[in-house]
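The values are calculated or read from the model by the stated rules, or taken from the named source; none is laboratory data. Everything numeric here is computed off the predicted structure, so don't read it as measured data. Here the Cβ is made from the backbone with ideal geometry for all residues, glycine too, and neighbour counts use every protein chain on show.
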Amino acid sequence: MQGGHIAFEEPVRLSSVLTPSTFSSIPLLTKIVGTLGPRSRSVETIEACLQAGMSVARFDFSWLDGDYHQETLENLRIAVKNVKKLCAVMLDTMGAELQVCNATGNPIKLKADDHVTITPDASKIPSAEVLPVNYDGLAESVKKGDSIFLGQYLSTGIESTSVWLEVLETRGPDVICLVKNSATLAGSIFPMHMSQVRVKLPTLTEMDKQVISNWGSRNKVEFIALSYTRHVEDVRELRAFLKTQNLNETQIFAKVETLEGLKHFDEILQEADGVILSRGNLGVDLPPEKVFLFQKSAVHRCNMAGKPAIITRVVDSMTENLRPTRAEATDVANAVLDGADGILLGPETLCGLYPIEAIRIVGKICAEAESVYNQSLHFKRILKHVGEPMSHAESVASSAVLKTTITYHQSFLSSLNLTKQQDYDGLFLFKGTNCCQSQCCNDCCIHIRWRSTKVIFYLLTFKIMF
């Protein structure tokens with residue numbers, strides 16, 4: 001469960017803290033995923049996000065429709081051409097998300113110690129007394145004492161926009177709750193998450209399938225983030241569905257965000273192409289003091305399996321502030337040192353006041369952490385995990401990346417054999433058949449510098465949506 005040990009002598013490194021950072025011209029090894037939305041969907045803003053270091057554009061289908069996201073994607077394509085920067089597309093499914101729909105849009109003020117009823121009756125108008133939810137089986141799923149987290153924190157990053165509820169009793173299909181903290185619920189949709197409670201809804205919903213069939217297929221998305229992945233069967237179901245949509249090359253990133261998914265993590269990891277550790281919901285399901293343990297263990301397992309690991313919820317304060325807190329900055333660096341391959345920015349770029357600055361600052365923190373990452377130790381750790389004898393392909397890959405430059409002209413999927421043996425001096429050149437027609441790459445080749453034995457995150461800078 002250990003990440004990369006910092007590779008420096010303490011007295012030397014402490015003195016260099018006062019020295020201005022110098023960043024390499026080589027792209028970040030830790031990729032940044034930016035969620036595009038109201039604050040980040042114009043061509044000019046997307047161009048700035050790409051220049052700041054965004055490698056993947058995430059489209060969250062838990063809100064708004066395909067037409068809105070298509071307009072944003074068209075702006076992304078224009079921005080990519082203008083700045084000659086590559087960017088992959090990630091479609092994030094809604095999954096088994098519970099929501100309270102506030103059609104009126106009127107703010108709802110909840111006060112601590114008051115009672116509120118959650119009901120599946122959609123005809124009820126949301127108020128401080130009653131909240132209609134899109135789930136008929138709520139009363140059967142919860143018991144007295146269970147915790148419910150309700151509000152827009154996951155989309156705004158602001159705790160004051162959400163409320164904690166404690167289940168007092170059930171009355172038929174309704175659930176009576178005690179309000180634990182005062183908050184004002186604003187907006188049209190309030191996501192709801194129940195701590196350590198199994199929701200009997202499909203992970204891949206009919207709405208998700210429709211979005212993938214229409215929007216995903218039309219745009220040949222590089223990644224699909226499967227929200228609320230709980231079992232390995234969830235990943236297999238999505239992969240089978242992708243084949244029916246001629247999306248065989250689309251990579252599946254399983255979003256582990258519940259205790260149920262955590263219990264089946266190893267099986268999910270083996271089937272998925274990568275994992276997103278969704279710390280927002282995990283922070284509801286797990287006690288705060290346990291979240292870091294899961295993160296370190298999960299990232300280590302991803303590293304050993306040769307699968308990319310992405311961390312979420314890192315600089316929430318930047319939705320309203322120009323700089324992250326010291327704790328947030330340290331959290332980003334520690335994620336990189338743990339072995340994370342990507343950082344996902346949600347509300348920071350979706351609706352935050354400083355989307356460009358958030359990407360730029362996270363990128364700088366990642367670069368600083370990468371500069372002290374102990375590549376050699378991590379490489380040895382991977383080799384020890386792989387064991388003997390290695391397959392022929394792995395042996396060749398391991399030897400080839402040791403301080404060499406490789407031109408790799410075969411299918412990029414074959415590069416999976418390199419995931420366990422990358423060296424920090426390795427520079428890989430992948431020739432793509434779906435490369436862009438502009439001059440944003442040299443001879444239609446994408447240059448990627450891999451981190452030593454860090455998981456290949458090839459698609460994040462490999463393909464774009466042309």
Test: residue 86 is among the hydrophobic types (A, V, I, L, M, F, W, C) and assigned to a loop (DSSP other than H, G, I, E, B): yes
Test: residue in segment 238-247 that is at positive phi, touching a residue at least 24 places away in the same chain (Cβ under 8 Å) and out of contact with any strand residue (DSSP E or B) (no Cβ under 8 Å at 6 or more places or on another chain): yes
Check on residue 184, outside the structural domain of residue 312 (by TED's automatic domain parsing) and touching a Gly at 6+ places or on another chain (Cβ under 8 Å): no
Count of segment 51-91 residues which are crowded, with 22+ Cβ neighbours inside 10 Å and either without any contact (Cβ under 8 Å) to a residue 24 or more places away in the chain or at positive phi (or both): 1
Check on residue 262, buried (at least 18 other Cβ atoms within 10 Å of the Cβ) and more than 20 Å from the chain's Cα centre (by Cα): no
Extreme residue, surrounded by the most Cβ atoms within 10 Å (Cβ to Cβ), among residues of segment 238-250 that are in contact with a Ser or Thr (Cβ under 9 Å, 6 or more places away or on another chain) and hydrophobic (A, V, I, L, M, F, W, C): 238
Filter result (exposed (fewer than 12 other Cβ atoms within 10 Å of the Cβ) and modelled with pLDDT of 75 or more) within segment 19-37: 19, 20, 21
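Got a sec? Which of 96, 48 is touching a residue at least 12 places away in the same chain (Cβ under 8 Å) and in a loop (DSSP other than H, G, I, E, B)?
96
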Condition broken by residue 300, with the remaining ones in (1) closer than 25 Å to residue 199 by Cα; (2) at pLDDT below 95; (3) surrounded by fewer than 22 Cβ atoms within 10 Å (Cβ to Cβ); (4) not small (Gly, Ala, Ser) satisfied: (1)
Unmet requirement for residue 104, which otherwise passes all of (1) under 28 Å from residue 316 (Cβ atoms); (2) free of Cβ contacts under 8 Å to residues at least 60 places away in the same chain; (3) in contact with a strand residue (DSSP E or B) (Cβ under 7 Å, 6 or more places away or on another chain); (4) polar (S, T, N, Q): (3)
Of residues in segment 303-323 being free of Cβ contacts under 8 Å to residues at least 40 places away in the same chain and more than 20 Å from residue 257 (Cα to Cα), the one surrounded by the fewest Cβ atoms within 10 Å (Cβ to Cβ): 322
Any hit, segment 292-301, residues being in the same structural domain as residue 362 (by TED's automatic domain parsing) and not in a helix (DSSP H, G or I): no
Residues of segment 198-237 satisfying the condition of being over 15 Å from residue 90 (Cα atoms), surrounded by fewer than 18 Cβ atoms within 10 Å (Cβ to Cβ) and in contact (Cβ under 8 Å) with a residue 60 or more places away in the chain: 198, 200, 201, 202, 205, 207
Qualifying residue in segment 137-159 (condition: in contact with a helix residue (DSSP H, G or I) (Cβ under 8 Å, 6 or more places away or on another chain), at negative phi and loosely packed, with under 14 Cβ neighbours inside 10 Å): yes
Residue 358 being touching a strand residue (DSSP E or B) at 6+ places or on another chain (Cβ under 8 Å) and in a helix (DSSP H, G or I): yes
Residue match in segment 334-342 (condition: polar (S, T, N, Q), more than 29 Å from residue 44 (Cα to Cα) and not in a loop (DSSP other than H, G, I, E, B)): yes
Of all residues in segment 138-174 being under 29 Å from residue 313 (Cα atoms) and small (Gly, Ala, Ser), the one that is modelled with the lowest pLDDT: 157
Failed condition for residue 193, given (1) of a type outside the set (A, V, I, L, M, F, W, C); (2) closer than 21 Å to residue 121 by Cα; (3) over 24 Å from the mean Cα position of the chain (by Cα): (3)
Given (1) surrounded by fewer than 16 Cβ atoms within 10 Å (Cβ to Cβ); (2) modelled with pLDDT of 95 or more; (3) of a type in the set (Val, Ile, Thr), index of the condition residue 125 fails: (2)
